[in-house]
Every structure is written in structure tokens, then in C-alpha cells.
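Nothing in this text is a laboratory measurement; each read-out follows from the coordinates by a stated rule. None of the values given here were measured: they were computed from a predicted structure. As a convention, Cβ positions derive from the backbone with ideal geometry for all residues, glycine included, and neighbour counts pool all protein chains shown.
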């Protein structure tokens with residue numbers, strides 16, 4: 001008699017029940033382990049914390065500077081601009097860009113300085129950010145599909161230049177799910193000056209279920225409608241929520257395709273839990289005076305102080321395991337170019353001397369804080385903008401026009417090789433020339449660090465398996481550890 005027949009022959013009611021409970025415990029243990037592991041493609045389930053391969057990063061901070069921050073005035077040193085300053089761009093003397101004819105080549109108004117052990121050349125406008133160049137991987141050869149701010153911002157955040165597609169944060173929310181049931185999985189922190197071009201499309205869920213859109217939250221605008229109405233007792237509110245939950249669950253069971261309703265139910269349930277957690281995470285008074293001084297939250301410049309408080313809020317969200325935080329520095333264009341964002345068409349020098357002090361110290365403090373606390377070991381930091389600027393001045397002005405053919409973004413943190421520069425524009429900064437790269441390459445790399453094959457993270461929509469990287473993208477292995 002083999003072993004299996006022997007077990008069946010000697011099986012008693014007592015031993016059967018004992019084995020069942022042991023087996024169920026094993027099933028439960030497998031479920032718990034699967035929630036923090038990785039799986040083969042055939043076993044991967046979205047929203048369960050599983051990945052396609054072992055991940056280096058578990059959360060993302062994306063800092064976005066709307067208005068197309070100039071690469072050759074911030075991050076990519078172009079000594080040829082100094083040599084050729086005031087002369088026509090060779091071969092493009094009559095070139096028409098976004099707002100018309102361009103004038104001659106224009107050097108950066110500020111000197112570049114060597115920073116860090118890597119000797120990276122960085123604008124003297126960013127003395128605090130210069131302290132972090134040895135931890136940053138710069139991608140100097142990005143290209144965009146569009147030279148218009150709204151589509152450019154949407155393209156940089158979704159991989160598509162039209163609205164209606166999920167942002168990177170929404171994709172991560174869908175793929176991994178939450179690690180903190182009392183806070184949103186995905187948070188967008190708009191600047192005190194307003195929303196970026198195309199507004200909420202920059203943190204939209206697109207065609208993914210509505211629960212994957214970001215929750216807007218900032219120091220100047222806490223999450224609304226969290227407090228219990230004064231006329232209700234805690235027990236009355238709990239009873240009301242229980243009854244409402246029963247109604248909602250019954251309706252949802254009868255209408256499974258109503259994802260908007262399911263998302264609203266989930267949002268209300270999250271809001272109930274957040275009545276305690278959200279005020280706590282947004283209470284910056286719990287931070288020490290030294291931390292406030294590091295960030296500059298009490299700076300005399302109210303715009304800098306507001307952005308600094310948002311940077312501090314971002315750190316508090318990340319340390320509580322919010323998966324994706326979008327932090328914006330500046331807003332949409334105004335009647336005066338360059339006043340509210342980095343769109344320096346006419347007056348580059350005064351515009352950037354206004355924006356860089358707002359950005360520099362608070363952002364550098366946030367990076368310092370993440371590194372000091374150990375969060376940078378499994379947090380991926382991205383700095384992005386929608387496209388670059390022209391190396392020439394816009395005719396009749398002292399500013400630069402739009403340039404989608406070459407610009408810089410960078411990464412830092414989990415799995416990223418610091419102190420490197422990948423790719424380059426030509427000697428003047430006009431076009432990506434060395435290792436031209438796309439936004440899709442950038443996000444293929446981001447997803448790779450998060451444990452995902454960008455070609456396999458898909459959602460079926462309108463007859464196609466859609467993805468963050470569209471039908472493109474290659475991982476930039478040269479900037480990874």
C-alpha cells in the first residue's frame with residue numbers, strides 16, 4: 001500500500017478536521033506572502049502588492065516644474081553658447097519655433113559651477129541642489145512629441161499627448177494597490193500658485209477605475225469635508241455609515257460595471273478612516289524647528305514658504321507609505337509669460353531669479369531628509385518638466401521659446417546610479433544628439449525599478465492593450481545600479 005492510500009485508509013474525522021484547519025492556515029499564509037512578493041506573469045494580480053520581478057523601489061516622488069524649465073540654464077552646461085553668444089544658430093538662421101522667429105544664440109545669464117565628487121556642472125542658481133548631484137542620474141537627451149504646454153504636461157505624466165489616459169501614479173496605484181489603508185495610494189500636491197497646464201489631467205485615472213485617480217492635498221488646501229458635522233454624535237455617524245455601506249454594496253453588486261460608484265464608495269470609506277489619519281499627516285507643527293529651518297517653511301518669500309511646506313508634507317506622506325506623490329513647483333501660464341511658471345519667453349533672467357530660490361532650498365531639503373531617514377533606499381525620486389527651451393533668444397525679447405527636441409529630466413534614489421549624465425544635446429542644446437531618449441524610455445525605466453515589465457503592465461481599452469509607454473520604450477540600463 002502506498003503512502004497516499006495509507007493516509008486515506010487511516011483518516012479519522014478528528015484528523016480530517018485538524019488537517020483542514022492547518023491547510024487553511026497555509027492558504028492564508030500564502031495570501032499574505034503573495035501580497036509582498038513577485039510572481040511570474042501568469043500568476044501576477046494587480047493591486048496585490050505583487051510585481052513582475054524584484055523591485056528596487058516601492059514608492060515614487062515625482063517633482064514637476066510646469067512651464068518647460070530650461071535645460072541649458074539649469075542642468076546641462078553648454079560652453080559653446082558662451083563662445084557663440086550673439087551669433088546666429090548655424091543652419092537655423094530663419095527657424096520658426098512655437099512663438100515665431102528666433103534671434104541669435106544666447107548664453108546662460110548665470111555661470112555654471114562644478115559640484116560634487118563627480119564634478120557635475122550645474123547652474124549657480126541652484127546652490128542647494130548642487131549638493132545632491134552625486135546621487136542624481138541626469139537624462140539630458142529627452143524629446144517630446146509636442147511643443148505646447150498643456151499636451152506637453154499631459155504627455156510627460158501619462159505617455160500620451162491627449163487627455164483621457166492614466167498618469168504614472170494611477171498606473172502604480174492599479175498595479176500595486178495601497179500600503180496604507182488610512183491614506184490615499186496616490187496624492188497630488190499642487191502649487192499655491194495654482195494647477196499646472198491642463199489641470200487635473202496631470203493626475204487623472206484616465207480609463208482605469210476611478211479609485212486610481214490622485215487625491216488633491218496640499219498645505220494650503222487640506223482635504224475637504226473630513227470633519228464630522230457638529231450635530232452628529234460619533235455613534236450616530238457610525239450607524240449612518242453602516243447603513244449607507246449596506247445600500248451601496250447591494251447596489252454595487254447589482255451593477256458591477258459602475259466603477260464610478262465603486263470608486264465613490266471606496267472614497268467615502270477612505271474618508272472616514274482619514275478623519276484621524278489625514279489631519280495627523282498634514283500637521284506640520286509636529287516637526288522640529290530645525291526641520292522647518294532646513295526646508296524654509298518660514299521664509300519671508302510666501303511662495304517659497306508655501307512650496308517648502310508642501311515639500312515637508314510630501315515627506316510625511318512618503319514615510320507613511322503613500323505609493324505615489326506628485327509635487328508641483330509652479331502652475332499654469334498667466335497673462336504674463338514666466339510669472340507663475342517656468343515659461344520664460346520674454347524675460348528669462350528675472351523669471352528664473354524668481355523661480356529658482358523658491359525651488360532650490362525646499363527641494364534640496366526634501367532630498368536631504370529622505371536620504372537621512374533611509375527612505376531614499378526604496379523611494380524613487382523623479383524631476384520632470386514638459387520640454388526644454390531654445391538656445392537662441394526669442395526675436396525681440398530676452399527669453400527663450402519652446403524646444404521639444406531636447407531637454408533634461410532626472411532620477412534619484414532606489415536603484416539609480418548617482419553622479420551620472422546619460423545622453424546629451426548638441427553643443428548648443430538645440431537637439432538631443434547623444435543617446436536620444438523618449439518619455440516612454442524614461443517611464444520604462446521607472447516601471448522597471450518598481451518591479452514591472454512595462455510591456456506587460458496593461459489595461460484593455462477600446463480594443464487595445466493600453467500601457468503607460470504606449471507601444472514604445474526601452475529601459476535605460478546605463479543609469480541603474
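Per-residue Cβ neighbour counts within 10 Å put 320, 300, 59 in the sequence 300, 320, 59, beginning with the fewest. Which of the following values of mean projected area of the Cα convex hull in nm² was calculated from the structure shown: (1) 30.1; (2) 26.4; (3) 21.5? The calculated read-out lines up with (1). Note on the chain: antiparallel DSSP beta bridges, both residues inside, total approximately 50 percent of the bridges counted. How tilted is helix 439-449 with respect to the longest principal axis of the chain? Cα atoms for both, answer in degrees (0 to 90, nearest 10). Computed tilt is about 40 degrees. On full extension, the segment bounded by residue 464 and residue 240 gains 76.4 nm, given 0.36 nm per residue less the C-alpha separation. Normalised by the number of residues in the chain, the average gap of Cα pairs under 8 Å and 6 or more apart makes the relative contact order 27 percent.
Would you work out the relative contact order for region 365-449, in percent, from Cα pairs under 8 angstrom that are 6 or more residues apart?
After rounding, I find 24 percent.
By other beta-carbon atoms within 10 Å, ranking 385, 438, 347, 297 with the fewest at the front produces 347, 438, 297, 385. Label reach from residue 378 (point 7 Å along Cα→C-beta): in region 158-175, amide nitrogens under 19 Å belong to 172-175. Placing dummy labels 7 Å off each Cα toward the beta-carbon, the span from residue 283 to residue 456 is 4.4 nm.
Projected label points at residue 85 and residue 231, each 7 Å from Cα along the beta carbon direction, are separated by 6.9 nanometres.
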